[in-house]
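Engineer: Sharing a structure with you now.
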Amino acid sequence: MTGSCLPLAASALILCAGGSNANAATTKASINAEGVSDPTATAGSQYTEDQTNAIGVASLRRELIGAAATLDGQPITNVKAVSRCQTVFTTKSNVTVTVHWNKVNNFAPTVDHGSATIPIDDGAGVHNFILPEGDGFRRVNGTMGHLADACESEK
């Protein structure tokens, strides 16, 4: 998923999702509570993520869990970054799916009867994220596009 305006638009969308400074602090606290290191952490931390990706993963967590989204038919219970280009999604049945954003090519979501499906294929198989159509879906779609674009140089 490439395009000269898409990364900028997706970044703006993600940064808007972060909200005010108070919301950014809340997001940062939430990210740290989930085990993702502070973007300004020093050497010796498990994993240091840049601020844009940290906000993006926090947005995915908030939107997917809040919308009772499913992944391959199972409700999503957690979303966590394990590296800059890898995000782990956990389902209610305790299945984990790791998406390698640097291996994701173009993807095209579909909307049918108010339900949106985002098929993500990172070379290990297609995983279908399903959530209600609306603003949350558009934020998730934009964030996933941003993560794939941001990791494109690591293909």
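The values are calculated or read from the model by the stated rules, or taken from the named source; none is laboratory data. Please read all numbers here as calculations on a predicted model, not as lab measurements. No Cβ is skipped: glycine too gets one built from the backbone with ideal geometry, and neighbour counts run over all protein chains shown. These accessible areas exclude ligands, DNA and RNA; they are computed on the full protein's heavy atoms, side chains included. Shrake-Rupley method; radii C 1.70, N 1.55, O 1.52, S 1.80 Å.
Engineer: Filtering region 38-54 down to residues that are open to solvent by less than 20 Å² (accessible area, probe 1.4 Å) and at pLDDT 65 or above, which residue is nearest to residue 126 (Cα to Cα)?
Structural biologist: 53
Engineer: Something else now. When the residues of region 70-91 are narrowed to those that are in a loop (DSSP other than H, G, I, E, B) and within 16 Å of residue 147 (Cβ to Cβ), which ends up most open to solvent (accessible area, probe 1.4 Å)?
Structural biologist: Only one residue tops the list, namely 84.
Engineer: Residue 129 passes all but one of (1) touching a Pro at 6+ places or on another chain (Cβ under 7 Å); (2) closer than 13 Å to residue 70 by Cβ; which number fails?
Structural biologist: Tallying (1) touching a Pro at 6+ places or on another chain (Cβ under 7 Å); (2) closer than 13 Å to residue 70 by Cβ, residue 129 fails exactly one: (1).
Engineer: Right, next: Checking residue 94 against (1) assigned to a strand (DSSP E or B); (2) modelled with pLDDT of 95 or more, only one condition comes out false. Which one?
Structural biologist: Of (1) assigned to a strand (DSSP E or B); (2) modelled with pLDDT of 95 or more, only one is false for residue 94: (1).
Engineer: Looking only at residues in region 105-119 that are of a type in the set (A, V, I, L, M) and in a strand (DSSP E or B), which one is farthest from the chain's Cα centre (by Cα)?
Structural biologist: 111
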